[in-house]
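Below is one structure; the comments refer to it alone.
The values are calculated or read from the model by the stated rules, or taken from the named source; none is laboratory data. Because the structure is a prediction, the values reported are computed rather than measured. Here the Cβ positions follow ideal geometry from the backbone for every residue, glycine too, while neighbour counts run over all protein chains shown. In case anyone asks, the SASA skips ligands and DNA or RNA and just uses the protein heavy atoms, side chains included. Shrake-Rupley method; radii C 1.70, N 1.55, O 1.52, S 1.80 Å.
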Amino acid sequence: VALDFSKIVKWLPTFWQGTLVTIALALMTVVLGSIIGLIATLMKQSRFKILRFIAKAYTQVVRGTPLLLQLFLWLYGFPIIGISLPALPFLGDILGSREFLTAVVALSINSGAYICELLRGGLQSIDKGQMEAGRSLGLSRAQTMRAIIIPQAVRVVLPGLGNEFIMMIKESSIVSVVGVFDVMYTYNIVKASTYSIFEPLIVVGIIYFLLTSALTALMNLLEKRMHVYD
Ligand code: ARG
C-alpha cells in the first residue's frame with residue numbers, strides 16, 4: 001500500500017481556503033466569546049440576584065452539554081421556534097452562509113461560558129484590597145473595575161485566552177459536520193474527488209498542527225512581552 005500525495009497536490013488551494021475559514025471562525029469566536037464571557041463575569045459579580053442567576057445558568061448549561069448539540073440546536077432546533085440567523089450574501093458564499101454565521105454564534109456562546117470562568121479566576125486573583133483602595137480614592141465600583149482591576153486581570157488571563165484560541169482552532173472542526181467549509185471539511189471534498197482517504201487526512205492534520213504550533217509560539221512571545229510571569 002503506497003501513499004500517493006501527487007493526486008492531492010492540485011487541491012492545495014482548497015485546503016488553503018478551508019484553513020482561512022478555520023482561522024476566521026476561531027478568531028471571531030474568541031473575540032465574541034471574550035465579550036460574552038466578560039459580560040457574564042460582570043453579571044456574576046452583580047448585586048442583582050436575577051443577573052447572577054442568568055449568568056450562572058448560562059455557564060452551567062453551556063458547559064454541561066456537548067458543543068455539537070449546541071450547534072445543532074442553533075442551526076436546526078431554534079429555527080423551528082422562529083429563532084434563526086439569516087444568510088448575509090454580501091459576506092460571500094462561505095462567510096455569509098447561514099451555516100457559517102450560525103456556527104459563529106454557537107461557538108462564541110459556547111466559548112463565552114468557558115472564558116467567563118477564566119475571567120472570574122483572573123478577577124479573583126486580584127487582591128480585594130485593590131477594590132477597597134480604588135473606592136477610598138473616590139472611584140465607583142465600576143470605575144475601579146475598569147481602571148484598576150481589569151487591566152491587571154487581563155495579564156493573568158492572557159495565557160488562558162491564548163489556550164482558548166488554540167482550543168477553538170481544533171474544536172471548530174465540528175462545524176464540518178453541518179457543511180461549513182473549514183479545514184476539516186476539505187477532507188470530504190478531496191476524498192470525494194480523488195478517492196484518497198489517508199493522504200488528505202494527513203494534510204489536514206499537518207495544517208491543524210501548524211496552526212496550533214504557530215499560535216503557541218505567538219502566545220509565548222506575547223506573554224514574555226507582557227511579563228505575565230513577573
Ligand atoms: N468537546 C467539548 C464539548 O463538546 C468542547 C468544548 C470546549 N469549548 C471551549 N470553548 N473550550 O463540549
Kindly evaluate TYR185 against the criterion of being more than 16 Å from the ligand (Cβ to nearest atom), part of a helix (DSSP H, G or I) and within 17 Å of ILE23 (Cα to Cα). yes
Name, by its number, the condition in (1) assigned to a helix (DSSP H, G or I); (2) crowded, with 16+ Cβ neighbours inside 10 Å; (3) of a type outside the set (S, T, N, Q) that does not hold for VAL180. (1)
So which pairs qualify, if the first residue must be in region 164-183 and under 19 Å from ILE206 (Cβ atoms), the second must be in a loop (DSSP other than H, G, I, E, B) and more than 10 Å from the ligand (Cβ to nearest atom), the Cβ gap must be under 8 Å, and the two must be at least 6 apart or on different chains? SER172/ASP182; SER173/ASP182; SER176/ASP182; PHE181/ILE94
Residue pairs meeting the criteria (Cβ under 6 Å; at least 6 apart or on separate chains; first at pLDDT below 95, in region 206-220; second open to solvent by less than 30 Å² (accessible area, probe 1.4 Å)): MET219/GLY162
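Per-residue answers, yes or no, for (1) touching a strand residue (DSSP E or B) at 6+ places or on another chain (Cβ under 8 Å); (2) within 16 Å of the ligand (Cβ to nearest atom); (3) part of a loop (DSSP other than H, G, I, E, B):
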{"position": "ILE94", "(1), (2), (3)": "no, no, yes"}
{"position": "ARG120", "(1), (2), (3)": "no, yes, no"}
{"position": "GLN130", "(1), (2), (3)": "no, no, no"}
{"position": "ALA133", "(1), (2), (3)": "no, no, no"}
{"position": "ARG146", "(1), (2), (3)": "no, no, no"}
Among the residues of region 56-76, write down those that are within 11 Å of the ligand (Cβ to nearest atom) and free of Cβ contacts under 8 Å to residues at least 12 places away in the same chain. GLY64, THR65, PRO66, LEU69
Here is a check on your reading of the model: is GLU117 under 20 Å from the mean Cα position of the chain (by Cα) and either more than 30 Å from LYS224 (Cα to Cα) or crowded, with 19+ Cβ neighbours inside 10 Å (or both)? no
Count of residues meeting criterion [free of Cβ contacts under 8 Å to residues at least 60 places away in the same chain, among the small types (Gly, Ala, Ser) and in contact with a Leu (Cβ under 8 Å, 6 or more places away or on another chain)] in region 77-106: 3
Check whether at least one residue in region 223-230 is in a helix (DSSP H, G or I), touching a Leu at 6+ places or on another chain (Cβ under 7 Å), touching a residue at least 40 places away in the same chain (Cβ under 8 Å) and surrounded by fewer than 17 Cβ atoms within 10 Å (Cβ to Cβ), and report yes or no. yes
For ALA142, work out the one condition from (1) open to solvent by 40 Å² or more (accessible area, probe 1.4 Å); (2) within 16 Å of the ligand (Cβ to nearest atom) it doesn't fulfil. (2)
